[in-house]
1. Among the residues of segment 21-44, is there at least one that is of a type in the set (A, V, I, L, M, F, W, C) and farther than 23 Å from E119 by Cβ?
2. Regarding segment 55-65, can at least one residue be identified that is open to solvent by 30 Å² or more (accessible area, probe 1.4 Å) and either among the acidic types (D, E) or farther than 23 Å from E15 by Cβ (or both)?
3. Could you say which residue among Q84, Q43 is modelled with pLDDT under 95, in contact with a strand residue (DSSP E or B) (Cβ under 6 Å, 6 or more places away or on another chain) and open to solvent by 50 Å² or more (accessible area, probe 1.4 Å)?
4. Only one of these is in a helix (DSSP H, G or I) and out of contact with any Gly (no Cβ under 8 Å at 6 or more places or on another chain): L125, L120. Name it.
5. Six or more apart or on different chains, Cβ under 6 Å: which pairs go from a residue in segment 17-28 that's over 15 Å from L64 (Cβ atoms) to one that's in a loop (DSSP other than H, G, I, E, B) and among the aliphatic types (A, V, I, L, M)? Could you list them?
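The values are calculated or read from the model by the stated rules, or taken from the named source; none is laboratory data. These numbers were taken from a predicted model, which means no experiment stands behind them. Cβ coordinates were reconstructed from backbone atoms using ideal geometry, including for glycine residues, and neighbour counts include every protein chain displayed. Protein only, heavy atoms only, side chains kept; ligands, DNA and RNA dropped before computing areas. Shrake-Rupley method; radii C 1.70, N 1.55, O 1.52, S 1.80 Å.
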Amino acid sequence: VASTHSHHAIAAQLELDASAELSPQQFQDLWLQLPIADTSSIQVTRVPEATSVEAAFIGNGIKLIAHGAPAPHLHKFFIYGVAQGGTAVVCETTIDASSSSISSSFKSSDPTQIKAFVELFKATLSPFLPR
């Protein structure tokens, strides 16, 4: 697959462990225990399709634990990445069609992993952002 090289260029800074999995219960436990370490809000000119965003996350090694639409204009994703060494970064992302924004909250037991994960996250969303 041609896209794997660009994916590794981005992910190399973080080195996600592709084989590491969190169960929904582990994700929820981490989410409830940890304080929010970083937040991000990105304005978009065109709200991306949820399936496109989901494919972009998976293509960059970011794992999707759950997603859904709590309201017609909202789509939430619960995603995570596990760094080499086992530290997980968990994230809740909301695409809001009414405000044309993608807002996210990031949590991790190791705050040093947050910055690299946020960079990977933003690079993953870059195809959907205004040029």
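1. Checked against the condition, which is being of a type in the set (A, V, I, L, M, F, W, C) and farther than 23 Å from E119 by Cβ, segment 21-44 yields at least one hit.
2. We begin by selecting, within segment 55-65, every residue open to solvent by 30 Å² or more (accessible area, probe 1.4 Å); these are 55, 58-59, 63-65.
Subsequent filtering for residues that are either among the acidic types (D, E) or farther than 23 Å from E15 by Cβ (or both) retains none.
Within segment 55-65, none of the residues are open to solvent by 30 Å² or more (accessible area, probe 1.4 Å) and either among the acidic types (D, E) or farther than 23 Å from E15 by Cβ (or both).
3. Numbers: Q84 fails: in contact with a strand residue (DSSP E or B) (Cβ under 6 Å, 6 or more places away or on another chain).
Answer to the selection: Q43.
4. On the way: L120 fails: out of contact with any Gly (no Cβ under 8 Å at 6 or more places or on another chain).
Answer to the check: L125.
5. none
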